[in-house]
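Sending over a structure as structure tokens; questions will come in a sec.
The values are calculated or read from the model by the stated rules, or taken from the named source; none is laboratory data. Note that the structure is predicted; figures quoted are calculated from it, not measured. Note that we place each Cβ from the backbone using ideal geometry, even for glycine, and neighbour counts take in every protein chain shown.
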């Protein structure tokens, strides 16, 4: 459902004079926002803090406007691991960042899988978490001389190819670097840690001596020449540069000829050749290679200069969309610069937060041509020069999160180096 239709319904019976006055108020607000004063804090980094009003309700907003020819953006995972939590300020400090914001949605609980990305995650071209529900992602080019960002609805997944002689079979795996359910097959790499989770009722396939082929269009392939079978595993060692495929006890019950074939050849002990194929499809927007990071969000807010909130397509809840919450968002501006935004909320009388419609309208008033929403609520955090500049809503203060987008100053070409 597009919000424009709701607006149309709401104003059908409004008197023309009232309607004109309403739009004049909105226009005045937009002019005021567009003339916002920015403070240059670093070469290519401008900062603004805004005390906004929605009706009589106060909203505090922090903004960073970035020149991507002078700064570099990178996505970094908490603790540099698939699983784990860390504050945005800690990640920024570890990476020598001048600024950072919290980024993707993640698993927030007290389990051993806390911090697991709740959607697509790619770092340096390596797929670390699969996509879900056709949700939007930020695709960040981490080139040495200049960067760029685009947003797209991504399909990211991993497939297993196996064969004997000239016959090859394949099927899509359930996930990457996350909790295994009984009817799933999940692949783990060293980003998860030294060992897989226990799989005492299923089967683990350890894949070693893996060589990465050249990335072709939307996918990259790892060919593994050594494998071993582990049963009743309390945790299988993950080979360096390799993978472990964990298969739940009910996975082989599926009616899929390739899955049935894998079960038969594993039981027989015959020699097999394995390939892991990682695919991330941006629907033709760009071929994503090792120079890209990708982080998940929900949902798209603005597309091609128009508000287009794809919350139903991305399976967001109505309360998430229509209630006011703290928000974190990113946007591309008309002049090519990149905008990072945090909106404080859940603080009556101080800052009430925004609905997604209010957030999209605000970003549009600042000149956004494309924008997406990131994780918000108690996760919403902006760090500048080592300090948290917004006011996180959790009573305990800054929340530990799953990943962050960090900003570093670009070095001269001869001194440029890959990220830590």
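Part of a strand (DSSP E or B) and either in the same structural domain as residue 65 (by TED's automatic domain parsing) or modelled with pLDDT of 95 or more (or both): is that true of residue 360 in this structure?
Spelling it out, it is not the case that residue 360 is part of a strand (DSSP E or B) and either in the same structural domain as residue 65 (by TED's automatic domain parsing) or modelled with pLDDT of 95 or more (or both).
Picking from 349, 378, which residue would you name as being in a helix (DSSP H, G or I), touching a residue at least 40 places away in the same chain (Cβ under 8 Å) and farther than 24 Å from residue 141 by Cα?
Answer to the check: 378.
Are any residues in the stretch 261-279 loosely packed, with under 14 Cβ neighbours inside 10 Å and either at pLDDT 85 or above or not assigned by TED's automatic domain parsing to the domain that holds residue 173 (or both), and if so, which ones?
To start, the set of residues in the stretch 261-279 that are loosely packed, with under 14 Cβ neighbours inside 10 Å comprises 264, 267-271.
Across the stretch 261-279, the qualifying residue is only 264.
Here's a follow-up. Which members of the stretch 308-346 meet the condition of being farther than 26 Å from residue 396 by Cα, part of a loop (DSSP other than H, G, I, E, B) and in contact with a helix residue (DSSP H, G or I) (Cβ under 7 Å, 6 or more places away or on another chain)?
309, 311
Also, I was wondering about something else. How many of the residues in the stretch 96-147 are out of contact with any strand residue (DSSP E or B) (no Cβ under 7 Å at 6 or more places or on another chain) and in a strand (DSSP E or B)?
1
If residue 179 satisfies every condition in (1) in a loop (DSSP other than H, G, I, E, B); (2) under 16 Å from the mean Cα position of the chain (by Cα) but one, which is the exception?
Of everything listed in (1) in a loop (DSSP other than H, G, I, E, B); (2) under 16 Å from the mean Cα position of the chain (by Cα), residue 179 misses just condition (2).
Residues being modelled with pLDDT of 95 or more, surrounded by fewer than 15 Cβ atoms within 10 Å (Cβ to Cβ) and not in a strand (DSSP E or B): count how many of those fall in the stretch 195-239.
1
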